[in-house]
1. Against the definition (farther than 14 Å from residue 23 by Cα and surrounded by fewer than 19 Cβ atoms within 10 Å (Cβ to Cβ)), how does residue 76 come out, yes or no?
2. So if I check each of 6, 13, 71, which one is within 15 Å of the chain's Cα centre (by Cα), closer than 18 Å to residue 105 by Cα and loosely packed, with under 15 Cβ neighbours inside 10 Å?
3. Mind telling me which of the residues 89, 128, 77 ends up being in a helix (DSSP H, G or I), free of Cβ contacts under 8 Å to residues at least 60 places away in the same chain and in contact with a helix residue (DSSP H, G or I) (Cβ under 8 Å, 6 or more places away or on another chain)?
4. Considering each of 46, 42 in turn, give the residue that is surrounded by 14 or more Cβ atoms within 10 Å (Cβ to Cβ), part of a helix (DSSP H, G or I) and without any contact (Cβ under 8 Å) to a residue 60 or more places away in the chain.
5. Just one of the numbered conditions (1) within 18 Å of residue 123 (Cα to Cα); (2) touching a helix residue (DSSP H, G or I) at 6+ places or on another chain (Cβ under 8 Å) is not true of residue 64; which one?
6. As an exercise: evaluate residue 62 against (1) over 20 Å from residue 21 (Cβ atoms); (2) under 11 Å from the mean Cα position of the chain (by Cα) and give the number of the one condition it does not meet.
7. The conditions are (1) loosely packed, with under 15 Cβ neighbours inside 10 Å; (2) at pLDDT below 95; (3) assigned to a helix (DSSP H, G or I), and residue 65 fails exactly one of them. Which is it?
8. With respect to residue 110, is the statement that it is surrounded by fewer than 17 Cβ atoms within 10 Å (Cβ to Cβ), more than 18 Å from residue 11 (Cβ to Cβ) and either modelled with pLDDT of 95 or more or within 11 Å of the chain's Cα centre (by Cα) (or both) true?
């Protein structure tokens, strides 16, 4: 039985840990780098730093799933929130930075522990809404 975490669990766990470290130590550069890393993985999954590190640590080559749009959208949202949080932290808006980072940590924890992805659900809702609107015209 393989006891290695999945790539998704690996990424979620690291995102939670690095976000908490960046917020506790008030290191906006770390938060900015994490946001950049997540956004790169969302825009170009083949070049995801988390995918690369996971492959190096586990020796596994991870294929990009065919239906990756919802996950990409969720990663874009998470990356955008972390980018906004890092900018808030750079400008000493600690409460705003903490709220934005807290949302990411909370949603990542929910995804990690239950498999529920709010960003994915938002994606599906928007896609369904777009489909319904296109049928009306």
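The values are calculated or read from the model by the stated rules, or taken from the named source; none is laboratory data. Treat the numbers as computed from the prediction; the structure is a model and nothing was measured. Every residue, glycine as well, gets a Cβ built from its backbone with ideal geometry; the counts of neighbours run over all protein chains shown.
1. So residue 76 passes the test.
2. 13
3. Answer to the check: 77.
4. After applying the criteria, what remains is 42.
5. (1)
6. Answer for residue 62: the failing condition is (2).
7. So the condition that residue 65 fails would be (3).
8. Criteria not met by residue 110.
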